[in-house]
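The values are calculated or read from the model by the stated rules, or taken from the named source; none is laboratory data. Just so it is clear, the structure is predicted and the values come from calculations on it, not from any experiment. Cβ: placed from backbone, ideal geometry, glycine included. Neighbour counts: every protein chain shown. For the accessible areas, the whole protein counts, side chains as well, though only heavy atoms, and no ligand, DNA or RNA atoms are used. Shrake-Rupley method; radii C 1.70, N 1.55, O 1.52, S 1.80 Å.
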Amino acid sequence: MAEESFQLYDTTLRDGTQQEGMVLTVEDKLAVARRLDALGVGFIEGGWPGAVPKDTEFFRRARTELDLRNARLVAFGATRRPGVRTALDPQVRALLEAGTPVVTLVAKSHTGHVRSALRTTLAENLAMIAGTVRYLVHAGRRVFVDAEHYFDGYHLNREYALEVVRAAAEAGAETVVLCDTNGGCLPDEVRSVVAETLALTGVQLGIHAHNDTGCAVANTMAAVDAGAVHAQGTAHGYGERCGNADLFTVTANLVLKRGREVVPLERLRDLAATGRAVTEVTQVPARAAAPYIGGSAFTHKAGLHASALRIDPDLYQHTTPELVGNTMRTLVSDMGGRSSVELKARELGYTVEAGSDAVARAATRVKELENRGYSFESADASFELLLREELDGGPRPRLFEVESWSVGVSGAQGTQVRTEATVRLTVQGRTVTATGHGNGPVNALDTALHTALDPCFPSLARLELTDYRVRVLSGETGSGAAARVLISYRDGRRRWGTVGVDGNTTAASWQALLDAVHYVLLDGPPGRADDAPPLAAATG
Ligand SMILES: CC(=O)SCCNC(=O)CCNC(=O)[C@H](O)C(C)(C)COP(=O)(O)OP(=O)(O)OC[C@H]1O[C@@H](n2cnc3c(N)ncnc32)[C@H](O)[C@@H]1OP(=O)(O)O
Ligand SMILES: CC(=O)C(=O)O
């Protein structure tokens, strides 16, 4: 059961969309709301109806298309304008028309902002807050008040900031949310202001922190430690300027570090999947190094870390990745040793021991090859081929051999550039020659390889090249420098990468292409759940 008294509040669909580059359709917003609801978030702020036409439409469609199981939908908006009757203010009417059970009002708590941005008196601002809250509560809404620029306002004129909190609460606001709108606060400041405000007003408080000092999550935790029972944030910390507090991190911190079940423990396991689902919709990538749910959050590269992790994962991890739906991963590189190879091999489904000669040889080869420019971090498939060679005591018999390959690029004034590749292979005792065309050498070689091999090895048809990266390696200069090519693939069930290095970019690409083919044709380790089809099946 989630902790009922704590209000976990998501503002991805409002403040999150204030991030540069974030443009969501109504359909996108509905999809994100569904995912956050499934995670168990208590409140989902959908946008500002009446101000943003798309948000008005979102709330209209939400009535029939959002069947929220856990969350309450929230409409966000401002208090009435100065000198206007609340009932006649079109923005306030739009908040009611949104038909949500909860409304959050942004209100000024900084005297300078009241005077210069709203261009009204301090007394009228208090009347605007109290009047708007009372009006909405009377209309049956639960009301939260976001006290904008609260911390800066508190330092400038503490009495007025406190008056705003009291006025909102006395008018019926359930929670007054103290906002670090400019994101300039540090945790000690947030802790003391929240504690003092609580002591001086007794009002139920929340926190809305921006990340301009990189402290949004720390500030949110400090506020909760000081007594706030409502935390606002956004998926992946999306938001205006440097973003908001990352609600995924805040949620995991509260549950795992503070024992506050703001979402039930079993739903916390959906955290990483929820993060991925949200980025699928927003197309705004999350940081790999994001706490708890980032792809690198439990990924280990240093050999000494791996040597301890072999014995006990807790030695280099602050929590258990599975609790948040993540997994531990090991990277093999020149910074690893035998333990890294053992852990990576285990991840790939092999049972090997760091003390074995084969593992020691594989670790040495990785170091040597990385020194020559290879990189195995994102080339699991090339590493697995290398590992298999060491485990099998030498190169495996190949299902095909390369006799030769060539690529030609030709062009003429006014015509499209033409790239043609020819490969000559020995497959099952026969010589096979195939030609492929493409928009460049890699594409043409890939096409030629498939033309030659797919009829004999149907499993290769599933192979899909998804990314190609080339990096000129330093140490040499200009067009004579060596190139490292990394290619990413998927085959419907798995994703993997291969690597090639050569002074010639096309030759480096050819190595990486060949590794991918050999990898698909490799019989996986016994018992591996996701292994490639056994050789007999692969050869059809
Ligand atoms: C801290 C936050 O992030 S709060 C959320 C901010 N989000 C947004 O601003 C997104 C939606 N905003 C909008 O669509 C528009 O800005 C609107 C509809 C709110 C206002 O649009 P416009 O009336 O064209 O004016 P503009 O954008 O220039 O804003 C100036 C007006 O807002 C008023 N205003 C400024 N800050 C606030 C505030 N915090 N609360 C209420 N009104 C405010 C100003 O007094 C001015 O009103 P006036 O014209 O009556 O003098
Ligand atoms: C309300 C809000 O978004 C802020 O003060 O930052």
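At-a-glance table
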{"quantity": "Flag if residue 107 is in the same structural domain as residue 262 (by TED's automatic domain parsing), crowded, with 24+ Cβ neighbours inside 10 Å, free of Cβ contacts under 8 Å to residues at least 60 places away in the same chain and part of a strand (DSSP E or B)", "calculated": "no"}
{"quantity": "Qualifying residue in region 242-260 (condition: free of Cβ contacts under 8 Å to residues at least 60 places away in the same chain, assigned to a loop (DSSP other than H, G, I, E, B) and within 16 Å of ligand 2 (Cβ to nearest atom))", "calculated": "yes"}
{"quantity": "Residues (within 16 Å of ligand 2 (Cβ to nearest atom) and on the phi > 0 side of the Ramachandran plot) located in region 38-49", "calculated": "47"}
{"quantity": "Residue ID - farthest from ligand 2 (Cβ to nearest atom), chosen from residues in region 137-153 that are open to solvent by 20 Å² or more (accessible area, probe 1.4 Å) and not in a helix (DSSP H, G or I)", "calculated": "140"}
{"quantity": "Options 222, 167; residue that is of a type in the set (A, V, I, L, M, F, W, C), more than 19 Å from residue 12 (Cα to Cα), out of contact with any Ser or Thr (no Cβ under 7 Å at 6 or more places or on another chain) and touching a residue at least 40 places away in the same chain (Cβ under 8 Å)", "calculated": "167"}
{"quantity": "Residue that is within 16 Å of ligand 1 (Cβ to nearest atom) and out of contact with any helix residue (DSSP H, G or I) (no Cβ under 7 Å at 6 or more places or on another chain), where the choices are 153, 184, 202", "calculated": "184"}
{"quantity": "Residue list for region 110-131, restricted to those being more than 10 Å from ligand 1 (Cβ to nearest atom) and among the polar types (S, T, N, Q)", "calculated": "111, 121"}
{"quantity": "Region 194-216: number of residues that are surrounded by fewer than 24 Cβ atoms within 10 Å (Cβ to Cβ) and hydrophobic (A, V, I, L, M, F, W, C)", "calculated": "6"}
{"quantity": "Matching residues in region 181-225 - criterion: being hydrophobic (A, V, I, L, M, F, W, C), more than 23 Å from residue 142 (Cα to Cα) and either within 16 Å of ligand 2 (Cβ to nearest atom) or part of a loop (DSSP other than H, G, I, E, B) (or both)", "calculated": "185, 186, 190, 193, 215, 216, 217"}
{"quantity": "Residues of region 494-540 classified as assigned to a loop (DSSP other than H, G, I, E, B), modelled with pLDDT of 80 or more and not polar (S, T, N, Q), total", "calculated": "3"}
{"quantity": "Leading residue by the ranking (surrounded by the most Cβ atoms within 10 Å (Cβ to Cβ)) among those in region 449-470 that are of a type outside the set (S, T, N, Q) and out of contact with any Leu (no Cβ under 9 Å at 6 or more places or on another chain)", "calculated": "463"}
{"quantity": "Selection from region 343-363 of residues that are out of contact with any Lys or Arg (no Cβ under 9 Å at 6 or more places or on another chain) and within 14 Å of residue 333 (Cα to Cα)", "calculated": "345, 361"}
{"quantity": "Among the residues listed as 136, 186, 178, the single one being within 23 Å of residue 224 (Cα to Cα) and touching a Leu at 6+ places or on another chain (Cβ under 8 Å)", "calculated": "178"}
{"quantity": "Single residue of region 71-96 satisfying the filter (away from ligand 1 (no atom under 14 Å from the Cβ) and under 25 Å from residue 233 (Cα atoms)) that is nearest to the chain's Cα centre (by Cα)", "calculated": "71"}
{"quantity": "Condition check for residue 50: within 14 Å of ligand 1 (Cβ to nearest atom) and in contact (Cβ under 8 Å) with a residue 24 or more places away in the chain", "calculated": "yes"}
{"quantity": "Given (1) open to solvent by 30 Å² or more (accessible area, probe 1.4 Å); (2) under 38 Å from the mean Cα position of the chain (by Cα); (3) under 23 Å from residue 9 (Cα atoms), index of the condition residue 134 fails", "calculated": "(2)"}
{"quantity": "Looking only at region 154-180, and only at residues there that are assigned to a loop (DSSP other than H, G, I, E, B) and open to solvent by 30 Å² or more (accessible area, probe 1.4 Å), the one that is nearest to residue 108 (Cα to Cα)", "calculated": "157"}
{"quantity": "Enumeration of residues in region 261-277 that are more than 8 Å from the chain's Cα centre (by Cα) and either hydroxyl-bearing (Ser, Thr, Tyr) or within 20 Å of residue 29 (Cβ to Cβ) (or both)", "calculated": "270, 273, 274, 277"}
{"quantity": "Residue within region 263-284 that is out of contact with any Phe, Trp or Tyr (no Cβ under 6 Å at 6 or more places or on another chain), charged (D, E, K, R) and at pLDDT below 95 present", "calculated": "no"}
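For every residue, the table says whether it meets (1) at positive phi; (2) within 16 Å of ligand 2 (Cβ to nearest atom); (3) open to solvent by 60 Å² or more (accessible area, probe 1.4 Å); (4) modelled with pLDDT of 95 or more.
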residue: 3; (1), (2), (3), (4): no, no, no, no
residue: 9; (1), (2), (3), (4): no, yes, no, yes
residue: 19; (1), (2), (3), (4): no, yes, no, yes
residue: 36; (1), (2), (3), (4): no, no, no, yes
